[in-house]
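Nothing in this text is a laboratory measurement; each read-out follows from the coordinates by a stated rule. If you're wondering where the values come from, they're calculated on a predicted model, not measured in any experiment. For neighbour counting, all protein chains shown are included, and Cβ atoms are generated from backbone atoms with ideal geometry for every residue, glycine included.
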Amino acid sequence: MGRRGGSRKHQVNKFAQRKRDRKEQEKNPQEKPGADTRKHYEDIVRENAAFEEYYKFQKVCPEAEWDTFMKSLKDNLPTAFRITGSKCEASALMKIVQSQYFSEILNIKLSEGEKEEGEEIKPINLSWYPGGFAWQLRLSRTDIRRNEALYRLHNFLVAETAAGGVSRQETVSMIPPVVLNVQPHHKVLDMCAAPGSKTAQLIEFVHADEDKMPTGFVMANDVDNNRCYMLVHQAKRLNSPSILITNHDSAVMPTLEITDEQNPGRTKPLKFDRILCDVPCSGDATLRKNPDIWLKWSTGNGNNLHGIQYRVLKRGCELLDIGGRLVYSTCSFNPVENEAVVHRVLQETGDAVKLVDVEYMLPGLKFHKGMTYWRPASKDMVFYEKYEDVPEKWQTVVRPQMFPPKPEDLPKYNLEKCIRILPHHQDTGGFFVAVFEKTALLKWEKEGNHTESTLKKEESEKNSAPVKEPPKKRRRMGGYREDPFVFFSGDSEDVYPSIRDFYDLQQSFDPTCLLTRCHIGKKKNIYLVSPVVKDIVSRNENNIKIINTGVKTFVRCDNKNMVCPFRLSQEGLQSITQFIGPKRRIRILREDLILVLQNDNPSKPPNVTQFSEHTQQLVKDFATGSCVLEYKEEAQDPNLELTLVGWRGVHSLRAYTATPDTVHYLRLLGADYSKYDVNKFKKASEVPESDAEVNDVTMKATDDVTKQNGDNVNPVVEIEAENMATQDVPMTEKTTT
Ligand SMILES: C[S@@+](CC[C@H](N)C(=O)[O-])C[C@H]1O[C@@H](n2cnc3c(N)ncnc32)[C@H](O)[C@@H]1O
């Protein structure tokens with residue numbers, strides 16, 4: 001997509017990288033700049049006396065459980081994943097996982113040290129995850145990657161992640177979107193969204209009703225421009241027309257405009273039904289995954305983050321609609337980042353916002369209730385009972401709002417409704433979750449038209465500043481300059497009539513939901529958004545930096561045999577398929593679908609004569625060009641229904657899918673895909689040691705074919721981005737400014 005295309009979206013900002021390297025080197029002078037600290041993870045001594053002293057004092061964990069808590073924290077983290085995609089595909093994939101891959105796990109013989117005596121390695125189904133689609137394995141990522149007996153499981157996870165059939169995500173990180181209780185009609189805001197594992201869940205929930213385009217949407221925001229491109233990657237995997245990605249400081253997120261359905265032609269401020277506020281935090285509950293935190297931990301980290309956490313949560317409460325729900329979460333154990341922030345906001349918002357109990361939504365999950373007493377500490381590990389005891393030199397760091405409520409006020413706040421998960425509860429990372437509901441306007445919202453306290457302050461500051469000439473050129477708002485979002489004007493748009501006629505698009509399809517990323521020149525890719533997303537983008541493009549939206553639906557294909565210069569793209573097919581008429585659809589038989597998928601070399605597509613008589617008849621008078629291949633398997637429960645982009649050549653028929661999708665479909669059809677399922681350990685003897693990791697043969701094959709198809713991003717980049725996407729990267733205050 002224009003300048004946002006595959007090569008640039010994961011591009012490292014070299015200047016920022018050099019700055020990070022310099023800072024890192026100042027901290028660890030013995031390290032070479034840019035050195036991969038992950039290499040040394042195994043050598044890190046997993047101990048920190050201050051950490052232990054601080055949390056023992058705070059009583060985050062009952063004394064009797066302390067040793068188990070610490071032991072669990074020092075252990076590697078088990079792998080967890082969710083099965084995603086349409087209900088029928090997810091059910092079929094789940095059966096395959098259970099019958100083929102889990103049996104492998106049960107049969108493996110881990111060497112001593114990898115497994116403790118009598119340790120049960122049976123996969124655990126996460127009872128509280130909707131549909132039972134989430135699993136936790138008693139194996140770390142490294143166990144899976146390094147164990148030859150598990151190479152098929154590893155290939156499966158990598159390929160299905162790229163195809164969008166699986167999302168690898170830490171168990172506890174799945175909880176906030178679940179308790180947010182998102183429905184397809186909800187307007188959802190993810191305030192601190194990158195790298196986007198929770199955003200992916202929110203998108204899945206918005207798409208729960210598969211037959212319809214959701215009337216709701218997800219707006220995923222992050223302050224860090226580079227990290228926003230991780231969100232683009234997530235959104236791309238899930239092919240949703242109902243997501244938009246923005247780049248703004250959430251603490252001062254502007255109020256956007258949306259069409260007022262009750263008063264056609266007028267707008268109203270956009271308020272959200274659901275808000276996820278997964279704020280930047282010290283990340284000390286991710287110690288199992290990020291052992292370098294053992295080296296860096298200090299009380300200062302949590303204290304420094306309290307302010308931004310509070311501001312983001314408060315702004316979230318302002319942007320929430322009455323009756324709406326907000327989830328505040330961190331991957332920190334620290335009450336200063338958790339209950340203290342929750343208490344501070346509850347204190348300010350009075351009766352308008354309250355905590356809700358969501359235990360019933362998490363059957364089988366072990367956790368501790370929120371804390372009602374804690375003591376903030378300064379960097380020198382002195383704990384304070386009240387603000388008056390804080391020496392002057394620490395008073396800007398240890399703030400009055402960080403202290404717990406007085407015992408007599410406790411019933412007002414119900415802090416025990418918060419959820420604190422410790423690593424030993426169910427062998428996961430730690431996590432903190434608080435669920436709020438808004439029952440009335442906030443005090444300061446009632447006071448006037450300008451509802452936001454924060455923005456009001458900003459406004460008055462702006463007003464007192466000398467008046468400047470308005471900028472003549474479009475403002476460049478931090479980071480890369482984005483290409484514009486240019487919506488089709490309607491039926492009269494130059495390229496639209498040929499698309500409409502060729503694909504036999506139904507009257508009910510609204511062409512104004514199509515967009516390109518250029519004003520002038522040839523339209524290359526055409527993207528589709530849902531009507532509500534179009535409304536928001538077109539009304540607010542100048543109020544907030546929009547990084548990305550829309551699912552690629554048509555791709556220019558100037559083939560001399562094509563009546564229409566655009567072919568379909570697999571990414572947007574699920575959204576547009578219901579509008580495509582019978583003229584461009586082929587209902588294909590199982591054996592024929594397997595034939596096109598197995599013969600995916602674009603230079604040698606299967607000849608029509610190789611297909612069944614049934615399919616030969618169907619394609620006999622079928623015009624050449626892009627088409628939809630449909631397949632329905634009645635014997636499955638639920639029926640397996642697949643929809644793929646195909647291409648009718650003069651003498652051939654082929655599928656137009658990227659390799660991860662090809663493997664995914666062959667897997668679902670129970671067909672042979674062994675050419676992609678290569679044992680990299682066998683292959684390892686043929687490749688140099690240093691290349692062994694990236695030359696995962698499954699993905700190498702993917703890479704080759706994808707380049708030929710020219711339709712998808714480099715899968716090696718995808719793997720890297722996926723690795724990033726499964727980490728809730730701990731933040732420091734610096735990142736938030
Ligand atoms: C804990 S991570 C979020 C993880 C993410 N929700 C997920 O599940 O993948 C915190 C994110 O907040 C972002 N962030 C920090 N300060 C912010 C701010 N003021 N506004 C918006 N985003 C912010 C960081 O860039 C970081 O990506």
Report task. For residue 553, list long-range residues whose amide hydrogen, built 1.01 Å from N in the peptide plane, is under 5 Å from its own amide hydrogen. Result -> 526, 527, 528
Query raised in the report: residue 129: net charge of surrounding residues, Cβ under 12 Å, Lys/Arg +1, Asp/Glu -1, itself excluded?
Result: 0
Query raised in the report: Label points 7 Å out from Cα along the Cβ direction at residue 295 and residue 587: separation in nm?
Result: 6.2 nm
**Report entry** Rel. contact order, % - alpha carbon contacts under 8 angstrom, at least six apart, region 358-423
**Finding:** 49 percent
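Relative contact order of region 248-325: what whole-number percent is it, with Cα pairs under 8 angstrom and at least 6 residues apart?
Values: 71 pairs, mean separation 33.8, N = 78.
With pairs under 8 Å counted, the relative contact order is 43 percent.
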Query - Integer Hz, Karplus 6.51/-1.76/1.60 couplings in order for region 416-430, x for Gly and Pro - result: 5, 6, 6, 10, 10, 9, 9, x, 7, 4, 8, 6, 10, x, x
Query - Proximal charge balance of residue 417 [Cβ under 12 Å; K/R count +1, D/E count -1] - result: -2
Query raised in the report: Given the pairs 95/680; 187/314; 386/406; 412/443; 314/412; 354/406, which are separated by over 20 angstrom at their Cα positions?
Result: 95/680
Query raised in the report: What spacing in nm lies between the two simple spin-label points modelled at residue 504 and residue 56, each 7 Å away from Cα in the Cβ direction?
Result: 7.5 nm
Requested in this report: At most 16 other Cβ atoms within 10 Å and a DSSP loop assignment: could you name the GluC sites (Glu not before Pro) in region 329-421 that fit?
Outcome: 385
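Taking R0 as 30 Å, what FRET efficiency do you get between residue 383 and residue 122 from their Cβ-Cβ distance, rounded to the nearest 0.05? Each step should come with its number before you reach the end.
Working: r = 43 Å, r/R0 = 1.43.
The pair residue 383/residue 122 has a calculated efficiency of 0.10.
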Report summary line: Under 5 Å from the placed amide H of residue 248, counting only residues 5+ away or on other chains, we find 222, 223
Report summary line: The ³J(HN,Hα) series, computed from each phi in region 295-303 with the Karplus coefficients 6.51, -1.76 and 1.60 at θ = phi - 60°, rounded to the nearest Hz and given as x for glycine or proline, is 7, 9, 4, 7, 4, x, 4, x, 4
Query raised in the report: For region 497-512 and region 298-377, what is the separation of their C-alpha centers, rounded to whole Å?
Result: 48 Å
Report summary line: Summing +1 per Lys or Arg and -1 per Asp or Glu among the other residues with Cβ less than 13 Å from residue 491's Cβ gives -3
**Report entry** Table column - 3J(HN,Hα) (Hz), region 610-619, Karplus curve with 6.51, -1.76, 1.60, x for Gly and Pro
**Finding:** 7, 8, 5, 4, 4, 5, 4, 5, 4, 8
Query raised in the report: Ranked highest first by the average count of other Cβ atoms within 10 Å around their residues, in what order do 619-630, 651-662, 432-443 fall?
Result: 651-662, 432-443, 619-630
**Report entry** For residue 189, residues with placed amide H under 5 Å, excluding near neighbours
**Finding:** 219, 274, 275, 276
Requested in this report: Could you calculate the contour length gain from residue 208 to residue 609, that is, 0.36 nm times the residue separation minus the distance between their Cα atoms, to one decimal place in nm?
Outcome: 140.3 nm
**Report entry** Proxy reagent accessibility, fewest Cβ within 10 Å first, across 485, 554, 57
**Finding:** 57, 485, 554
Query raised in the report: Any idea how far apart residue 65 and residue 542 come out in nm if each label point goes 7 Å out from Cα toward Cβ?
Result: 5.5 nm
